[in-house]
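Note sheet for the following structure.
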Amino acid sequence: MDDSDLIQRCQSGDAHACADLYQRWCSSVYRLAYGILRQEQDAEEVTQDVFVYAISRLRNYDPDKAAFRTWLYTITISRSRNKLRRKWLPTVEISEWEESEIGDAERPPENWTELQAERVRVWEALGRLSPKLREAVVLRYFENLTYPEIGDILKCPIKTIQSRVRLAHAELKKWLVESG
Amino acid sequence: MNKHLSDELIDYAWGILTMQEKTNADAHLRECEACRAKLLQHQALVQKLAATVPALLPDAPPSVRGGWADVATRIPHLRTAPRRPGLPGFVAVGLAMSTAAMLLVAVMAKAWLYQPPLTATAFAASSTPVASATYTPERPTAVATPVSWMYVTSLQAPRPLPIAITAQP
């Protein structure tokens with residue numbers, strides 16, 4: 001069943017369809033929220049908030065105005081920003097991050113250390129970006145979204161998105177060169 | 001040679017340039033080794049981000065994937081039993097109104113056509129036989145008119161009391 005059928009069933013109040021919709025999209029929403037918030041607990045809370053809000057207002061969603069993914073990610077960005085405003089996020093310790101199991105399973109063991117160190121550097125550099133610049137980079141690469149799609153999600157002109165990408169690139173380059 | 005490229009190289013690496021801008025940049029890059037070297041640096045960073053960022057964003061943990069029940073309890077219209085997909089409101093109202101109108105027409109037609117049977121027992125207690133006692137009403141198959149109905153009712157009433165009233169001494 002494609003998204004449009006599932007959404008129609010959800011709009012008519014079918015609880016099973018809502019559960020299916022959640023299962024289909026919860027991981028993408030969680031990953032996006034995690035990329036912006038950088039904390040599992042916060043990303044989990046935001047993911048739940050996003051679906052409570054989205055499914056409660058699904059009857060107002062108009063597929064002619066935006067793709068469902070765009071609509072859902074717009075809500076995710078908005079909720080993540082609210083979360084960032086409400087609390088001061090502590091930075092993630094490198095040692096803590098190195099102990100995590102992010103994406104290691106598919107990597108060959110001999111490359112693990114070098115790869116992990118590179119990821120730590122990129123993760124830290126992304127953490128030093130302002131939230132708006134980080135949003136642009138995360139949206140660009142977590143699902144290969146196009147600039148028009150990013151503009152729709154962030155409610156910004158494409159020129160603004162391009163400007164943020166350019167600034168983010170310059171800062172990331174500086175920090176990654178500094179960190180070796 | 002034109003002046004060296006700067007921000008255009010970042011835009012080039014990120015795929016932001018328009019077709020015309022990219023054509024102009026390519027023309028410069030063909031002749032300028034310094035800009036080509038810078039472009040390679042920018043492209044290396046973009047490729048690193050493209051390869052690293054998705055891996056930095058983990059899949060949802062089991063607590064999220066299995067979290068639908070918690071989400072559903074916070075959605076008011078899902079707390080009640082799920083509704084079956086229904087007709088749009090205006091269609092449902094239209095159907096209800098047309099059904100009601102059809103029912104009303106059917107009741108009126110039945111009242112118009114129906115003639116209650118007059119049997120002999122209905123007049124058995126009557127002390128004065130009247131013509132209607134032997135009257136066999138027409139069934140609805142016959143064309144009934146208000147006149148025939150009024151005629152029957154006029155024959156039915158007034159009926160005499162079924163008991164004989166005798167003067168007491």
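Any read-out appearing in this document is the output of simple, stated calculations on the displayed coordinates, not a laboratory observation. In this text, all values refer to a predicted model and were calculated from it rather than measured experimentally. All Cβ positions, even for glycine, are placed from backbone atoms using ideal geometry, and neighbour counts span all protein chains on display.
Couple of notes before you dig in:
- 14 Å reach of a label modelled at B:Asn2, 7 Å along Cα-to-Cβ, counting backbone N of segment B:30-61: B:30-32, B:35-36
- For segment A:47-62, 3J(HN,Hα) per residue [Karplus equation, 6.51 cos²θ - 1.76 cosθ + 1.60, θ = phi - 60°, Hz, x = Gly/Pro]: 4, 5, 4, 4, 6, 4, 5, 5, 6, 5, 10, 5, 5, 8, 6, 10
- Vicinal HN-Hα couplings computed from phi for segment B:25-30 (Karplus, 6.51 cos²θ - 1.76 cosθ + 1.60; Hz; Gly/Pro x): 5, 4, 4, 5, 5, 4
- Within a Gaussian network of chain A (alpha carbon springs, distance under 10 Å), most fluctuating of A:Leu58, A:Leu115, A:Leu133: A:Leu115
- Using the Cβ-Cβ distance between A:Tyr61 and A:Gln41 with R0 set to 22 Å, the FRET efficiency works out to roughly 0.20.
- Relative contact order, percent, chain A [alpha-carbon distance under 8 Å, six or more residues apart]: 21 percent
- Taken over the Cα atoms of segment A:1-90, the convex hull encloses 87 Å³ per residue.
- Derived scalar couplings between HN and Hα for segment A:5-20 equal 5, 4, 5, 4, 5, 4, 5, 8, x, 6, 5, 5, 5, 4, 5, 5 Hz in order, rounded to whole Hz, by the Karplus curve 6.51 cos²θ - 1.76 cosθ + 1.60 (θ = phi - 60°), x for Gly and Pro.
- Label point distance in nm, B:Arg30-B:Ser63, each placed 7 Å from Cα along Cα→Cβ: 5.8 nm
- With a 10 Å cut-off around each Cβ of B:64-77, the average count of Cβ atoms from other chains is 6.
- Test item: A:21-32 mean partner chain Cβ contacts at 10 Å: 4
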